[in-house]
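S.K.: Here's a structure for you.
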Amino acid sequence: MTLPLILCLVATVIPVFFGKIHVAPAWLSLQALALGWISMTRHSELSLHVLALGLEVLLVRAWLVPTLLRRALSGHSAARQDLMPSNLFAWGVAISLIILAFRFGDGARADVRALTLGVVAATVMIAFLILATNREPVAQLVGLLFMENALALFESLMPEPWPLPVHLAVSGVYILTVAVGSWLVRGHSPAPVAPSALKDMA
């Protein structure tokens, strides 16, 4: 289970340092694929619950939510901005938080469990860093979705998966988050200026 955890961490860290906001849906899809991989491999035998969980991750987290977010970002003026400000101070804080997160995971005293706790803590801290450093509504929405994926990853540490109604409730909250966030993003998107108005301004 180490490889999907590393994939999930890469999909969380790289967009913060080098990614633009409009590429965030692709990284969220990659996070979801890693979550689905973890969910399907942590059980020795497949059951109806495990299959339903994998299907929920693929349909909701890997496809539906990134598609809704991509539509909300289409034509938005802030979509080409950095997800986090590109300066040495912000990068230094991000690296420090990631190191601190994995120090927190060392307390598990087991390789996979420690790595999982480290990835969860790093994702949550990076989400808070995005919320603190980027005031754009679209970036704030991406930070919240990162945090939701960290919650789903935390479930893999439990000896038994959550009951199916709990999974449905968490998926509903995830969809509601992106739906309300997309509506707010469209409301904050500046209206395009008509050519006649540009002539008048000139």
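The values are calculated or read from the model by the stated rules, or taken from the named source; none is laboratory data. Model, not experiment: these values are computed from the prediction. In this analysis, Cβ positions are derived from the backbone assuming ideal geometry, glycine residues included, and neighbour counts consider all displayed protein chains. Please note that ligands, DNA and RNA were not included when accessible areas were found on the heavy atoms of the full protein model with its side chains. Shrake-Rupley method; radii C 1.70, N 1.55, O 1.52, S 1.80 Å.
S.K.: So which of 164, 157 ends up being touching a Ser or Thr at 6+ places or on another chain (Cβ under 9 Å) and over 20 Å from residue 80 (Cβ atoms)?
M.R.: Details: 164 fails: touching a Ser or Thr at 6+ places or on another chain (Cβ under 9 Å).
Selected residue: 157, the only one of 164, 157 that is touching a Ser or Thr at 6+ places or on another chain (Cβ under 9 Å) and over 20 Å from residue 80 (Cβ atoms).
S.K.: What number of residues within region 128-158 are buried (at least 19 other Cβ atoms within 10 Å of the Cβ), outside any loop (DSSP other than H, G, I, E, B) and of a type in the set (S, T, N, Q)?
M.R.: The qualifying residues number 3.
S.K.: I need the full set of residues from region 160-192 which are at pLDDT below 80 and assigned to a loop (DSSP other than H, G, I, E, B), in order please.
M.R.: Result: 160, 161, 162, 189, 190, 191, 192.
S.K.: How do the pairs read when you match residues in region 149-169 that are without any contact (Cβ under 8 Å) to a residue 60 or more places away in the chain with residues anywhere that are open to solvent by 70 Å² or more (accessible area, probe 1.4 Å), using Cβ under 7 Å and keeping only pairs 6 or more apart or on different chains?
M.R.: 157/113
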